[in-house]
Amino acid sequence: MNMKILLVSYYPLPYVGGLWTVVQNLQNELTRLGHEVDILAQDETLSEYRIIGQQAPFKVADVKPIIEEKLGTAYPKLESYTSIYLTEVLRYCMELTALTLDLSKYDIVHAQDVISALAMDRVKPSHIPVVTSIHGYLSKEIALAILGRHPDLSTDELHESFEYQYNVHLEHIGCHVSEFIHIPAAITKTKLIQQHTIPDARFVQFPYGIDIDAFHKSPKQLDNIPAKTKPTILFAGRLVQLKGVHILIEALKQLKASTSDWECWILGKGDAAKQLKNQIKEAGLSSEIKLLGSVPNVKDFLESSDIFVLPSLQDTQPYSVIEAQLCGIPTVVSDAGGLPEMVQEGVTGLLSEAGNPNSLAQQLHRLLQDDSLRRQLGSQAKLWAEQQWPLVNMGMNTVELYKKALAL
């Protein structure tokens, strides 16, 4: 049975980061299998929601005054500068956009986050099921963001804050309106069941996928890769607190005290870029660390590196680790979220304690001092990755998920 599928994201797409990689890979594979796939998401300029490739029915600015008037009446104490206020404006804008579409032509709605799940549940025809992929653990990510701004908050103060409670509420509703919840990592299921009392039977677990042949055959682009003089540690990802780059810089400061035979390339862009640049300077690491920005050829940087590092404070199943493994690069990742499900300690990589720069420095030092271990871990990671991450598996698993939802 060929299906008409609507993938929906509250967040902007296309956009640099793992979400777009997941959605684009999924769209390509579902299309190859004969299904029709549209993507409803915010655009990169944050000015509209639209079906990608089609004209938006209106701009956010066109409907924002109407939404703000309603918000002001319903919630007069909600300040317009807060993240909650912006989320409400964008959520309603997504719903209004969806109402201009003929949603009845779709067989299934596949939300890519809990906010879009609850939004689409409010406006879709009742016979169309919603399934939701949980790519990130929203309440944990919000907690980390709040602590980043207010590090002195106690656990009770954090959990009682309006911002935290609001996002937990969004997560709760988004999960409960979903016929099924796709999780790539088992830890996500455990946390969501504990926090939101969701029936175990509602979860379906399977990993992400990547077109491995296309990945290996992608044309090389080496012009922007720096000349390499020492063993190279590579980070690739968004430059945000969640990814733990500040932990990496502190770890590298400690590493320099024991060995100077390394350099580090940091790829990506994000809100923390300026802060990280200052941290590098203050740590005396301006000669050792290169901030190279966002690049189109991460694979070529991986193949030019000796170690891949990802010290996330929270993560699910990042494509950066998948790509590093496929390149045969040993990885050092934190033990946060789903990362320990991707990297087996001492077999396909090394684990460090999340948020602990000393632990990370020790694991990096261990790899730098042992060429044989680096080769062994990289080789074993590649063999495991080629069996774990084929895109065809992700496509077939997703179709089975849709069939389960439609059978209800």
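The values are calculated or read from the model by the stated rules, or taken from the named source; none is laboratory data. This one's a predicted model, so the numbers in the text were calculated from it and none came from an experiment. Reconstructed Cβ throughout: ideal geometry from the backbone, glycine too, with neighbour counts over all protein chains shown.
A few remarks follow.
- Among the residues of segment 13-44, just one is small (G, A, S) and surrounded by fewer than 17 Cβ atoms within 10 Å (Cβ to Cβ), namely G34.
- Identity of the residue in segment 271-315, part of a helix (DSSP H, G or I) and among the β-branched types (V, I, T), that ends up nearest to the chain's Cα centre (by Cα): V298
- Some residue of segment 188-208 being farther than 30 Å from L360 by Cα, without any contact (Cβ under 8 Å) to a residue 60 or more places away in the chain and touching a Lys or Arg at 6+ places or on another chain (Cβ under 6 Å): yes
- Segment 330-384: number of residues that are over 15 Å from I247 (Cβ atoms), of a type in the set (G, A, S) and in a loop (DSSP other than H, G, I, E, B): 2
- Residue within segment 255-268 that is under 25 Å from L367 (Cβ atoms), surrounded by fewer than 18 Cβ atoms within 10 Å (Cβ to Cβ) and β-branched (V, I, T) present: yes
- All positions within segment 206-225 that are out of contact with any helix residue (DSSP H, G or I) (no Cβ under 8 Å at 6 or more places or on another chain) and small (G, A, S): A214
- Filter pass, E263 being charged (D, E, K, R), under 18 Å from G17 (Cα atoms) and modelled with pLDDT of 95 or more: no
- Residue count for segment 287-306, restricted to those that are touching a strand residue (DSSP E or B) at 6+ places or on another chain (Cβ under 8 Å), in contact (Cβ under 8 Å) with a residue 60 or more places away in the chain and closer than 17 Å to E263 by Cβ: 8
- 1 or more residues outside the structural domain of V16 (by TED's automatic domain parsing): qualifying helices (runs of 4 or more DSSP H) within segment 172-270: 212-217, 245-258
- Positions within segment 157-209 being among the small types (G, A, S) and closer than 17 Å to V131 by Cα, in sequence order: G174, S178, A185, A201
- One residue from V245, V240, V204 being out of contact with any strand residue (DSSP E or B) (no Cβ under 9 Å at 6 or more places or on another chain) and among the hydrophobic types (A, V, I, L, M, F, W, C): V240
- Residue match in segment 112-120 (condition: surrounded by fewer than 18 Cβ atoms within 10 Å (Cβ to Cβ) and either touching a Lys or Arg at 6+ places or on another chain (Cβ under 6 Å) or of a type outside the set (S, T, Y) (or both)): no
- Of the candidates Q362, Q325, the single residue that is free of Cβ contacts under 8 Å to residues at least 12 places away in the same chain and buried (at least 16 other Cβ atoms within 10 Å of the Cβ) is Q362.
- Total residues in segment 363-395 satisfying the condition of being more than 24 Å from N25 (Cβ to Cβ) and either of a type in the set (G, A, S) or outside the structural domain of E250 (by TED's automatic domain parsing) (or both): the figure is 2.
- Taking first residues from segment 40-55 that are farther than 22 Å from K124 by Cβ and partners that are of a type outside the set (A, V, I, L, M, F, W, C) and not in a loop (DSSP other than H, G, I, E, B), the Cβ contacts under 7 Å between residues at least 6 apart in sequence or on separate chains come to E44/P12; L46/P12.
- Residue list for segment 387-405, filter: in a helix (DSSP H, G or I) and either in contact with a helix residue (DSSP H, G or I) (Cβ under 6 Å, 6 or more places away or on another chain) or hydroxyl-bearing (S, T, Y) (or both): L391, G395, T398, Y402
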